[in-house]
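Engineer: Dumping the structure here so I can ask a few things about it.
The values are calculated or read from the model by the stated rules, or taken from the named source; none is laboratory data. None of the values given here were measured: they were computed from a predicted structure. Ideal geometry is used to build each Cβ from the backbone, glycine not excepted, and the neighbour counts take in all protein chains shown. Note: areas computed on protein heavy atoms with side chains; ligands, DNA, RNA excluded. Shrake-Rupley method; radii C 1.70, N 1.55, O 1.52, S 1.80 Å.
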Amino acid sequence: MLAKGQYDYACLKDYDTAVRYFEQARQFLPNSSRIPESLAYVARRRGQWDRSESYFNEAERLDPRNVSLLTQHALSYAAIRRFPEALRKLDQVLNITPDDVDTLVIKGRYRTSRGRPIREPPALLAPLHPAADDSSAVETQVLPSDPGTPLCNRHPSIKRDTCQARSSVGFL
């Protein structure tokens with residue numbers, strides 16, 4: 001029933017049917033965070049922000065260390081411009097997965113949205129030592145863009161040989 005509800009929600013966009021399936025699935029999975037999480041997505045899609053928040057809170061009570069769930073809750077807060085709450089949720093994620101580049105980038109975006117422009121990598125990124133795979137996320141989301149300057153010249157923690165090797169094959 002959960003899978004059928006997810007199919008109706010994501011593929012068919014039939015939210016009423018999806019909610020019915022999720023509520024039926026709740027009988028068989030009473031302690032699953034996936035049911036209130038799915039209901040939160042439906043409510044969010046419908047613009048029912050208070051109901052969505054209630055479902056997110058219920059899901060978090062059942063699975064408090066689910067970083068995907070916490071991140072989605074933060075994204076919901078940001079969508080309605082409740083940035084302090086979004087930042088608190090992201091801090092919860094970082095308490096579980098410290099130095100997660102994606103979460104740090106999202107947090108940097110929200111700080112920018114609150115009227116604080118980021119001209120240099122924020123202090124929260126300073127302790128990171130991005131690997132080659134992480135550098136593109138840091139470059140595109142946080143670092144100042146100057147297409148003529150290689151990433152290794154803009155961020156000293158990225159090794160020059162890695163930067164040159166990736167640039168030569170078209171990744172940077």
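Engineer: Which of the residues spanning region 12-71 are touching a Pro at 6+ places or on another chain (Cβ under 6 Å) and surrounded by fewer than 18 Cβ atoms within 10 Å (Cβ to Cβ)? Show your work before the answer.
Structural biologist: Narrowing region 12-71 to residues touching a Pro at 6+ places or on another chain (Cβ under 6 Å): 55, 58-59.
Correct list: Glu58 only.
Engineer: Another question, then. Please determine, by comparing only the residues of region 91-101 that are farther than 15 Å from Pro64 by Cβ and within 11 Å of the chain's Cα centre (by Cα), which one is most open to solvent (accessible area, probe 1.4 Å). Full working, then the answer.
Structural biologist: Residues of region 91-101 farther than 15 Å from Pro64 by Cβ: 98-101.
Still in the running and within 11 Å of the chain's Cα centre (by Cα): 100-101.
Values: Asp100: 51, Val101: 21 Å².
Only one residue tops the list, namely Asp100.
Engineer: Give me the pairs, please: first residue somewhere in region 60-86 and part of a loop (DSSP other than H, G, I, E, B), second residue anywhere and open to solvent by 60 Å² or more (accessible area, probe 1.4 Å) and not small (Gly, Ala, Ser), beta-carbon distance under 6 Å, and either six or more positions apart or on two chains.
Structural biologist: As it stands, the answer is Ile80/Trp49, since those pairs meet every condition given.
Engineer: Let me ask another. Going by the structure shown, is Glu120 open to solvent by 40 Å² or more (accessible area, probe 1.4 Å) and at pLDDT 95 or above? Lay out the reasoning, then the answer.
Structural biologist: Working: open to solvent by 40 Å² or more (accessible area, probe 1.4 Å): yes; at pLDDT 95 or above: no.
The answer is no for Glu120.
Engineer: Under 8 Å between Cβ atoms, which residue pairs at least 6 apart in sequence (or on different chains) link something in region 28-39 that is β-branched (Val, Ile, Thr) with a partner that is open to solvent by 30 Å² or more (accessible area, probe 1.4 Å) and not in a helix (DSSP H, G or I)?
Structural biologist: Once the first residue is β-branched (Val, Ile, Thr) and sits in region 28-39, its partners that are open to solvent by 30 Å² or more (accessible area, probe 1.4 Å) and not in a helix (DSSP H, G or I) give Ile35/Leu29.
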